[in-house]
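Visitor: Starting off with a structure, shown below.
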Amino acid sequence: MKHAEEAMITNDAVVMGLLMILLAFIFKTSSSKNSYWVKFYKVFPMLLLCYFLPSLLTTFGIVDPEKSQLYFVASRYLLPASLVLLTLSIDLKEVFKLGPKALIMFLTGTFGVIIGGPIAILIASAVSPDTIGGVGPEAVWRGMTTIAGSWIGGGANQAAMFEIFKPSDKLYSVMITVDVIVAEIWMAFLLIGVGKAKSIDRFFKADASSVIHLQEKMHEFSQRIAKIPSLTDLMVILGVGFGVTGICHFLADNIAPFIMKNAPFLERFSLTSGFFWLIVLATTIGIGMSFTKMRNLEGAGASKIGSVFIYVLVATIGMKMNILQIFDNPGLFVIGGIWMLIHVSLLIIVAKIIKSPYFFLAVGSKANIGGAASAPVVAAAFHPSLAPVGVLLAVLGYALGTYGAWLSGILMQVVAP
């Protein structure tokens, strides 16, 4: 395996060019009428390739995601702008008509992560006690608490668990790799499922009419106001997207430190995280705009530009995955896999019981496991107008993340050998 310092390309402009060429290739071939490509994309969803191909650049040592700023730029600049552009045309009344099943599936996913860690430790300690050993800061359970933080909330919750349970830096870096790769493999399965959603809904005996109704209503609205965008329209759309992003950064840079100084106990809700506020503010302002004439920007392609930003983000997330790292610590990846299987099994059982559409299973899971960077991506894979459903649940994940992960950590400590 190539080491980080040996990456062939270190210039982000070149890396960005490579990612855009890959995205262009995927989009061009996925819309091709050629029978080979039609068959290929029936098996491998387009969005999955947008993750997987960039990961090969890292796996083969062509780029080093640790030295690249592209994910940071995409998550801090493009993600908030895309959330604004994807939410400004949302029909909030229709979103609420989706009912309680989305929330039930989200909370099932959270519960699955909380109990999955301790159960995975019990199974591993029975089969391979050495894998789960370690004392003090090297104790494997301490590192696993950081995965719990990431899988219920996100990066801020993960950092909080690192501070609370204090695993060693070496163990923490291994756990980040386990977190990313196991989560991305599950993401791949979720995306394959998007293309088979109708079959899965039949298996769950689910009534997906509320989701389909929202999709159709949003599609009908965008068709009704559709027009060929002028240069002015595109400038206004970008002005709104990045203008609001700028405002959100300004507010987040002031709100987060203010809370940290005056109400540090709110840190457990992620309320001292600038990124948390960035996501919440961008979504809130976008939804606020949906009640004004701004929502007519959808006619000139606001959600299409928002989707472009999301796909660039997807490519940079994919670039963070190095598949070969699985072979560095195979035992820990097996434990991570067992943990994820428990999360997934619970979701499938509950979805079957409450007859939940696959959409709620996929978005409820990613709102936990992927947070605000991935949940809207999965929701938008069903339809761009559904992205806000993912964001709203992901924000809830941030709020619950530290509590859920702390509880999971305490349980892991109890059952650890």
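The values are calculated or read from the model by the stated rules, or taken from the named source; none is laboratory data. Keep in mind that what you see is a predicted model, and the values were worked out from it rather than measured. Using ideal geometry, Cβ is built from the backbone for each residue, glycine included, and neighbour counts are taken over all protein chains shown.
Visitor: Out of curiosity, is PRO137 farther than 30 Å from THR87 by Cα, touching a Lys or Arg at 6+ places or on another chain (Cβ under 7 Å) and either in a helix (DSSP H, G or I) or among the hydroxyl-bearing types (Ser, Thr, Tyr) (or both)? Show your work before the answer.
Guide: Details: farther than 30 Å from THR87 by Cα: yes; touching a Lys or Arg at 6+ places or on another chain (Cβ under 7 Å): yes; either in a helix (DSSP H, G or I) or among the hydroxyl-bearing types (Ser, Thr, Tyr) (or both): yes.
Considered against the rule, which asks whether it is farther than 30 Å from THR87 by Cα, touching a Lys or Arg at 6+ places or on another chain (Cβ under 7 Å) and either in a helix (DSSP H, G or I) or among the hydroxyl-bearing types (Ser, Thr, Tyr) (or both), PRO137 comes out as yes.
Visitor: Ok, one more. Out of everything in the range 3-62 that is of a type in the set (S, T, N, Q) and in contact (Cβ under 8 Å) with a residue 24 or more places away in the chain, what residue ends up being surrounded by the fewest Cβ atoms within 10 Å (Cβ to Cβ)?
Guide: THR10
Visitor: What pairs can you find where one residue is in the range 225-253 and within 17 Å of SER89 (Cα to Cα), the other is polar (S, T, N, Q) and modelled with pLDDT under 95, and their Cβ atoms are less than 8 Å apart, with a gap of 6+ or different chains?
Guide: Hits for this filter: ILE225/ASN296; GLY241/SER82.
Visitor: Of all residues in the range 297-332, which are farther than 25 Å from THR177 by Cβ and of a type in the set (A, V, I, L, M, F, W, C)?
Guide: LEU297, ALA300, ALA302, ILE305, VAL308, PHE309
Visitor: Name, by its number, the condition in (1) more than 19 Å from the chain's Cα centre (by Cα); (2) under 19 Å from ILE114 (Cβ atoms) that does not hold for PHE204.
Guide: (2) is the only condition that PHE204 fails.
Visitor: With closer than 30 Å to LEU407 by Cα and either assigned to a helix (DSSP H, G or I) or among the β-branched types (Val, Ile, Thr) (or both) as the only criterion, which of ILE247, ILE228, ILE185, ILE200 stands out?
Guide: Result: ILE185 is the single residue among ILE247, ILE228, ILE185, ILE200 that is closer than 30 Å to LEU407 by Cα and either assigned to a helix (DSSP H, G or I) or among the β-branched types (Val, Ile, Thr) (or both).
Visitor: Tell me, which helices (runs of 4 or more DSSP H) lie completely within the range 48-107 with 1 or more residues that are modelled with pLDDT of 90 or more?
Guide: 70-73, 79-87
Visitor: Tell me, please, whether a residue that is under 19 Å from TRP406 (Cβ atoms) and assigned to a loop (DSSP other than H, G, I, E, B) can be found in the range 163-181.
Guide: Scanning the range 163-181, I find at least one residue that is under 19 Å from TRP406 (Cβ atoms) and assigned to a loop (DSSP other than H, G, I, E, B), so the answer is yes.
Visitor: Among VAL38, VAL95, VAL43, VAL14, which is farther than 30 Å from GLU216 by Cα and over 17 Å from the mean Cα position of the chain (by Cα)?
Guide: VAL14
Visitor: Then there's this: Among (1) at pLDDT 90 or above; (2) within 29 Å of ALA387 (Cα to Cα); (3) more than 17 Å from the chain's Cα centre (by Cα), where does GLY143 come up short?
Guide: (2)
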